[in-house]
Amino acid sequence: MSNTFPDLDSLSRLSLLVFRAQRALNLEGDQITATWGLTSAKWKVLGAVDLASKPLSAAAIGRAMGLTRQAALKQTDQLLAMGLLSQQVNPNDTRAPVYSLSPTGQRAYDGISAAWRARSAILASVIAPSALEVTSQVLSTLLAQMESGTPQPV
């Protein structure tokens, strides 16, 4: 990795690799979700809703998956039209409905998740589990620092 962008500092190299990895993950996701007639963007929305303990608004879905509220709303509208989401009245804000998976959406998400687990097992098979854990910790720390706006010592 250190030779990928030799003129950059470590964090800049990591940032560029994360951008490239994000694109590669989206392409992998698009291939996996195509079987269900979906895209990575729709999978992210289904995932946010599935992983939540309660129905979510479009804004909450966006925050959970790093999407703008508008992008999340576009995807929720399309998933709703496809019958993969159910919409309910938000008791906290009647102008912003909340969404949950429909039974069809749950089946699609479960199928996509199973396909992803199979693919991720192949991808992870050449990486030590401890390296994946350290990478997750580093990215979590960076994300927390950037979201807080203030670098915190580790």
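Each value in this text was obtained by applying a stated rule to the coordinates, not by laboratory testing. The structure presented is a predicted model; accordingly, all values stated were derived computationally and were not measured. Because the Cβ atoms are built from the backbone with ideal geometry, glycine has one as well, and the counts that use them run over all protein chains shown.
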Selection status of Thr35, among the hydroxyl-bearing types (Ser, Thr, Tyr) and crowded, with 20+ Cβ neighbours inside 10 Å:
no
For the range 61-72, name all the residues that are assigned to a helix (DSSP H, G or I), out of contact with any Gly (no Cβ under 6 Å at 6 or more places or on another chain) and in contact (Cβ under 8 Å) with a residue 24 or more places away in the chain.
Ile61, Ala71
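Which is in a loop (DSSP other than H, G, I, E, B), of a type outside the set (A, V, I, L, M), out of contact with any strand residue (DSSP E or B) (no Cβ under 6 Å at 6 or more places or on another chain) and within 26 Å of Ala114 (Cβ to Cβ), of Gly83, Gly47?
After ruling out the rest, the residue left standing is Gly83.
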Taking only pairs six or more apart or across chains, which ones have beta-carbon atoms under 7 Å, a first residue in the range 128-147 that is surrounded by 10 or more Cβ atoms within 10 Å (Cβ to Cβ), and a second residue that is part of a helix (DSSP H, G or I) and aliphatic (A, V, I, L, M)?
Leu132/Ala124
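Okay, residues lined up against (1) more than 14 Å from Val98 (Cα to Cα); (2) surrounded by 16 or more Cβ atoms within 10 Å (Cβ to Cβ):
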position: Leu46; (1), (2): no, yes
position: Val49; (1), (2): no, yes
position: Pro55; (1), (2): no, yes
position: Ala60; (1), (2): no, yes
position: Met65; (1), (2): yes, yes
position: Thr68; (1), (2): yes, no
position: Ala72; (1), (2): no, yes
position: Gln75; (1), (2): no, yes
position: Leu84; (1), (2): no, yes
In the range 92-118, the residues that are closer than 14 Å to Ala59 by Cβ and of a type in the set (Phe, Trp, Tyr)
Tyr99
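For the range 87-109, how many residues are surrounded by 13 or more Cβ atoms within 10 Å (Cβ to Cβ) and not aliphatic (A, V, I, L, M)?
11
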